[in-house]
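Okay, so here's the structure we're looking at.
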Amino acid sequence: MAVAAILGLSLFATACGVTVEGRPRAVSAPIPDALQPDASTTTTLPSLDAEQVEIFLARNVGDRLRLAKVTRDIDPDGTVNTILEQVLVGPNPEEQEEEYISPFIDGSTIIGTALNGTLLEIHLDSLNGFPQDDSTSNHLAYAMLVCTATELIIGAEIQLVKILVERDGELTPINIPVSDGDPTEEGSPVYCANYATFDPRYQDPEGG
């Protein structure tokens, strides 16, 4: 009986295309279904139909760079990855015509995320897509990623962001550059408020 059960399970997995692995893998952070009562953080979105999401790019306002929301159509998979990946892509041709900009270049990919309460871990394969100096553009890149995660993702109560980079097959927390507040320690999470320089909500419209 036991042998038959094991054989049956093996055939079922093969027929359904399920890969049986010897060790667990990190998975993408799911977006809770806000429409369901008592939704847990493991509940994924019920539909894979195309949907609209908002992300932060940037624009020049006067002589200052500011975060600016744009709307994108995506094919969701029920995780935050597909939304955050839009930030790394930068402005499309229509957005470029409307003078949206981004400091990102090709070179960084989101390989996973993990949601721990209100803390989101973003796992990157490298930092090659980020400006490689302690500049305004460097801070702006992190502002776009962090503030999109904490302010614009609907259905997940994200307040803080921690970034880990894959190095030698392991995920290593990085010291995230900030434009406002105290410099962060290695591996510490950040808030969107750490990028108030770029957030219109914190700026005097007269520049005073």
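Read the figures in this text as sums done on the coordinates, not as results from a lab. Predicted, not measured: the structure shown is a model, and the values here were computed from it. Quick reminder, even Gly has a Cβ in these numbers, built from the backbone with ideal geometry, and neighbours come from all protein chains shown.
List of remarks:
- The length gained on full extension between Leu119 and Asp73, counted as 0.36 nm times the residue separation minus their Cα-Cα distance, comes to 14.0 nm.
- Point-to-point label distance, Arg167-Asn92, nm (Cα→Cβ direction, 7 Å offset): 3.6 nm
- Neighbourhood charge, 12 Å Cβ-Cβ cut-off, centred on Tyr195 and excluding it, Lys, Arg +1 and Asp, Glu -1: -1
- Counted charge near Val87, where neighbours are those whose Cβ lies closer than 14 Å (Asp, Glu -1; Lys, Arg +1): -3
- Rounded, prolate or oblate (a/c below 1.5 giving rounded, otherwise prolate when a/b exceeds b/c) for region 68-208 by Cα gyration tensor: rounded
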